[in-house]
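Trainee: Here it is, the structure, as structure tokens.
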Amino acid sequence: MITARTLNPGSATGEVIRLTAPLSFWGGTDENGRIIDAHHPQCGVVLAGRVLVMESGRGSSSASSVLAEQIRAHTAPAAIILARPDTIIALGALIAHELYDLTTPVVVIDGPPYDALPTDGLLQVDAGPTQAQVSWSTVTR
């Protein structure tokens, strides 16, 4: 289990998807939660319902409205774990909570514990007002 800092509270569980490059939700994903940025190394991957792990977002302030709409449409990641705070991503989750009463936790794990997160399996994010716990289990097939 790893302790994290909460940017937007909530609880969620999902299959982990760890991105190897930053992503902007605006122009980088479609309405189904699929990465459509042709220059992103994981173009084609679906984020919907998964726990997204990435160092940070990339770019446009419009990304917060795209994320909020994906949360409303249930095509957003179940939770987002960042290595660095990203106010645009946090704002999108906060807007969705305020407008639609839907919660998507967004947390930050600073330093080496971020690197300890698994690249597969299930992640559980339990984010309180200021502090969060991230735990995981492997999926056997």
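The values are calculated or read from the model by the stated rules, or taken from the named source; none is laboratory data. Model, not experiment: these values are computed from the prediction. Quick reminder, even Gly has a Cβ in these numbers, built from the backbone with ideal geometry, and neighbours come from all protein chains shown. To get the accessible areas, we keep the full protein, side chains included, count just its heavy atoms, and leave off ligands, DNA and RNA. Shrake-Rupley method; radii C 1.70, N 1.55, O 1.52, S 1.80 Å.
Trainee: Select from segment 104-121 the residues that are at pLDDT 95 or above and either over 19 Å from G57 (Cβ atoms) or among the basic types (K, R) (or both) and list them in ascending order.
Mentor: Passing the criteria: none in range.
Trainee: Of all residues in segment 9-45 being of a type in the set (A, V, I, L, M) and open to solvent by 50 Å² or more (accessible area, probe 1.4 Å), which is nearest to I109 (Cα to Cα)?
Mentor: To start, the set of residues in segment 9-45 that are of a type in the set (A, V, I, L, M) comprises 12, 16-17, 19, 21, 23, 35-36, 38, 45.
The next check asks that each one be open to solvent by 50 Å² or more (accessible area, probe 1.4 Å); those that pass are 36, 38.
Numbers: I36: 26, A38: 28 Å.
Among those residues, the one meeting the criterion is I36.
Trainee: Further question on the same structure: Which strands (runs of 3 or more DSSP E) sit wholly inside segment 64-141 and have at least 2 residues that are in contact with a Leu (Cβ under 6 Å, 6 or more places away or on another chain)?
Mentor: 106-108, 131-137
Trainee: Something else: From L47, L23, L99, which residue is touching a helix residue (DSSP H, G or I) at 6+ places or on another chain (Cβ under 8 Å), without any contact (Cβ under 8 Å) to a residue 40 or more places away in the chain and of a type outside the set (G, A, S)?
Mentor: On inspection, the qualifying residue turns out to be L99.
Listed here are the residues, each with its yes/no results for (1) open to solvent by 70 Å² or more (accessible area, probe 1.4 Å); (2) within 15 Å of V16 (Cα to Cα).
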site: S60; (1), (2): no, no
site: L99; (1), (2): yes, no
site: P105; (1), (2): no, yes
site: A116; (1), (2): no, yes
site: A127; (1), (2): no, no
